[in-house]
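A quick write-up on the structure given underneath.
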Amino acid sequence: MTFSWPWALLFALVIPLIFAVRWWALRRRRRAAVRVTSIALVRTAVPGRTRWIRKIPPALFVAGLALLAVGAARPQAEVPVAQRSATILLALDTSGSMCSTDVEPNRLTAAKKAAAEFIESQRGGPRIGLVTFAGTAGLLVPPTDDTDALIKAMDDLTTARGTAIGQAMLASIDAIAEVDPSVAPTGATPPAGDAGDAGYAAAAIVVLTDGANTQGVDPQTAAQEAALRHVRVFPIGFGTTTPSPMVCENSQFDGRGFGSWGGWGGGGFDRGRNVRMIDEPALKQIAETTGGSYHRAENADELETALDSLPGAFTVVREKVDTAAGFAAGGALLVGSALALSLWWNRPRATR
């Protein structure tokens, strides 16, 4: 908790002053004490309540003054706030390995279905953009709130060789920068400061891939660029390690390298890496560098669950909210309660 006017906390010094006045008054009362011969007379004069009950009004009064002093200092607390202006870039892997049928009917079709359901679930919420990547990465749909256009854009996706995860992240950063002035494009120097001071941007990148980076920029370099801009990346590793036929309706493969679509995949290596194996250490490092989280999905249901769990992480940000009104109301309530109890318990009693 922070305070806009911390000097106002000095008003709390009135509390020890009250205790000092009470101590002085009690001391004077003892000096002026009068001896009586009848204990019954004393019991009649003293209110018929236990000692701790009689301390309730003063305790409430002091607590109320303390809350009023805190409220006067204009406290601010960081609270989670939903951001309807948030931007989400969904980077979808369209490499040849996405034709694998270990996820029915194949990884690409299952990923498109899950992505469409995710986009539909965000209707009326944050802006969503779509980046696709294989050997290169490109912006397919700029961030928009047109849900139907986003879903339709995925109808004719085709696969190709290569997996450029790092380039997809950089393309996503640039797409976010186009609609969010607080995020610098990759060619510009981001403002100084770290994420701990400024918090995360109201934007995030979701990378859905089934392999390892084989071309273009190193993903860790791209992750550092995202971290400098306070943009979190949430990688999702999709697919199993089970060898399966590769079948896609649209593919740029001609039978070499991965094997022709519609047959069993052969090879499956690029630059010495098995691109049909998820590079989980690299994806986890991306998440750690940017402040995001890594998710693993071996089937369509797990992929849908992973996507459904993400919006709460990047469409809700922490903002400073002035809570002075709450402290002032609480303090006034306690002070009022103290005065009311004191007047009620010390009201004149009817004599018989």
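If L157 satisfies all but one of (1) touching a residue at least 60 places away in the same chain (Cβ under 8 Å); (2) in a strand (DSSP E or B); (3) of a type in the set (A, V, I, L, M), what's the number of the condition it fails?
Every condition holds for L157 apart from (2).
Looking only at residues in the range 130-161 that are touching a Ser or Thr at 6+ places or on another chain (Cβ under 7 Å) and within 12 Å of A175 (Cα to Cα), which one is surrounded by the fewest Cβ atoms within 10 Å (Cβ to Cβ)?
Across the range 130-161, the extreme among qualifying residues is G138.
Within the range 325-343, is even one residue exposed (fewer than 13 other Cβ atoms within 10 Å of the Cβ), at pLDDT below 55 and either in contact with a Ser or Thr (Cβ under 8 Å, 6 or more places away or on another chain) or not assigned by TED's automatic domain parsing to the domain that holds Q224 (or both)?
Taking every residue of the range 325-343 in turn, none turns out to be exposed (fewer than 13 other Cβ atoms within 10 Å of the Cβ), at pLDDT below 55 and either in contact with a Ser or Thr (Cβ under 8 Å, 6 or more places away or on another chain) or not assigned by TED's automatic domain parsing to the domain that holds Q224 (or both).
Tally the residues that are surrounded by fewer than 24 Cβ atoms within 10 Å (Cβ to Cβ) and either out of contact with any helix residue (DSSP H, G or I) (no Cβ under 9 Å at 6 or more places or on another chain) or among the hydroxyl-bearing types (S, T, Y) (or both), restricting the search to the range 195-227.
Within the range 195-227, residues that are surrounded by fewer than 24 Cβ atoms within 10 Å (Cβ to Cβ) and either out of contact with any helix residue (DSSP H, G or I) (no Cβ under 9 Å at 6 or more places or on another chain) or among the hydroxyl-bearing types (S, T, Y) (or both) number 7.
Here is a yes/no grid of residues against (1) part of a loop (DSSP other than H, G, I, E, B); (2) under 26 Å from G96 (Cα atoms); (3) not assigned by TED's automatic domain parsing to the domain that holds V103:
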{"site": "S172", "(1), (2), (3)": "no, yes, no"}
{"site": "V183", "(1), (2), (3)": "yes, no, no"}
{"site": "T189", "(1), (2), (3)": "yes, no, no"}
{"site": "A201", "(1), (2), (3)": "yes, no, no"}
{"site": "Q224", "(1), (2), (3)": "no, no, no"}
{"site": "I236", "(1), (2), (3)": "no, yes, no"}
{"site": "T240", "(1), (2), (3)": "yes, yes, no"}
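When residues of the range 301-324 are filtered for being crowded, with 18+ Cβ neighbours inside 10 Å and at pLDDT 80 or above, how many remain?
Within the range 301-324, residues that are crowded, with 18+ Cβ neighbours inside 10 Å and at pLDDT 80 or above number 5.
Checking the conditions here, which among A33, A8, A40 is at pLDDT below 75, outside any helix (DSSP H, G or I) and of a type outside the set (D, E, K, R)?
Only one candidate passes the filter, namely A33.
Here's the yes/no breakdown for (1) at pLDDT 95 or above; (2) surrounded by fewer than 21 Cβ atoms within 10 Å (Cβ to Cβ); (3) within 20 Å of T94 (Cβ to Cβ); (4) among the basic types (K, R):
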site: P235; (1), (2), (3), (4): yes, no, yes, no
site: G239; (1), (2), (3), (4): no, no, yes, no
site: C248; (1), (2), (3), (4): no, no, yes, no
site: S260; (1), (2), (3), (4): no, yes, yes, no
site: R276; (1), (2), (3), (4): no, no, yes, yes
site: L283; (1), (2), (3), (4): yes, no, yes, no
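Any idea which of (1) closer than 25 Å to L89 by Cα; (2) at pLDDT below 75 is the one E298 doesn't satisfy?
It fails just one condition, (2).
Residues of the range 140-165 being more than 23 Å from A204 (Cβ to Cβ) and not charged (D, E, K, R), which ones?
T158, T159, A160, G162
The values are calculated or read from the model by the stated rules, or taken from the named source; none is laboratory data. For clarity, every value in this text was computed on a predicted model and none was experimentally measured. A quick note on method: Cβ atoms are made from the backbone with ideal geometry, for glycine too, and the neighbour counts reach across all protein chains shown.
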